[in-house]
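Any read-out appearing in this document is the output of simple, stated calculations on the displayed coordinates, not a laboratory observation. Given the structure is predicted, the values throughout are model-derived calculations rather than measurements.
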Amino acid sequence: MARKNAYNYYEAFEQMAQHAYDAALFLQGVFTNFYPDSQMMFDNVNKIHAIEHEADGIRHVCIEHLTTEFITPIEREDIMEIIQKLDSVVDSIDDVIRIMYMFNIKESFSEAKEFADLIVKCTEALRVTMSKFENFRKSESIKEYMVKVNTIEDEGDLLHLRTIRYLYAFDDSPMNVIRKNRLIDGMEECLDACEEVVDSVERVIMKNT
């Protein structure tokens, strides 16, 4: 039985996943309503950083409880691993916005929009996964959403392969290739980060069932 007023680690996982989803929606909005204004690009850096900062706050509180509480619902190492990897998802999306600003990317392109859409879908599936995690022993659908994250990540791998190939085969501007390559690499890393979370969740489920 759960202790009254005990810190809810699963709720922290959900909150982190929600921040990842919010960050993904923001990223999608940037590419949907792209405007190459330097000040606006810098404002985007600050806006995404605000989401990342809130996620950091959740992670810090979670770790504080983890270092002081005697009883935890799953092993401490597993809680630490999952909360850190969820934080990495938010960080990776934050990095994409920073790349856009640092590399002075002044145009959107279809492949970047595709990646942004995949990141939204992937973080949405991740969010549902984490909402079901607390009751993973009884949940009949958590694995469905974990598989969905893996499937979307596979789609991202193919999109990454196709996009980078096209850049080096057909783009005549070396600077443009460098910029887009770095951006697409960063977006692909967002999907990798999501998959790493569900991989950790899967290991926890296997250990505890």
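Listing for the model above:
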quantity	calculated
Value of relative contact order over the chain, rounded to a whole percent, pairs C-alpha under 8 Å and six or more apart	30
Whole-Å distance, taken between Cα centres, linking segment 48-96 and segment 156-188	31
Within a Gaussian network of the chain (alpha carbon springs, distance under 10 Å), most fluctuating of GLU153, GLU52, GLU81	GLU81
Per-selection metrics, segment 106-154 (Cα): Rg and Dmax in Å	13.7, 49
Cross-link pairs LYS113/LYS207; LYS106/LYS132; LYS47/LYS121; LYS47/LYS138 - those with Cα-Cα distance over 30 Å	LYS113/LYS207; LYS106/LYS132; LYS47/LYS138
For the chain, built as a Gaussian network whose Cα springs stay under 10 Å, the top-fluctuating residue of HIS160, HIS60, HIS19	HIS60
Helical contribution to [θ] at 222 nm, DSSP H n ≥ 4, -39,500 (n - 2.57), averaged over the chain, rounded to 500	-29000 deg cm²/dmol
Candidates PHE34, PHE70, PHE103, ranked by Gaussian network fluctuation over the chain, Cα under 10 Å, top entry	PHE70
Convex hull projection area averaged over all views, the chain, Cα basis, nm²	12.1
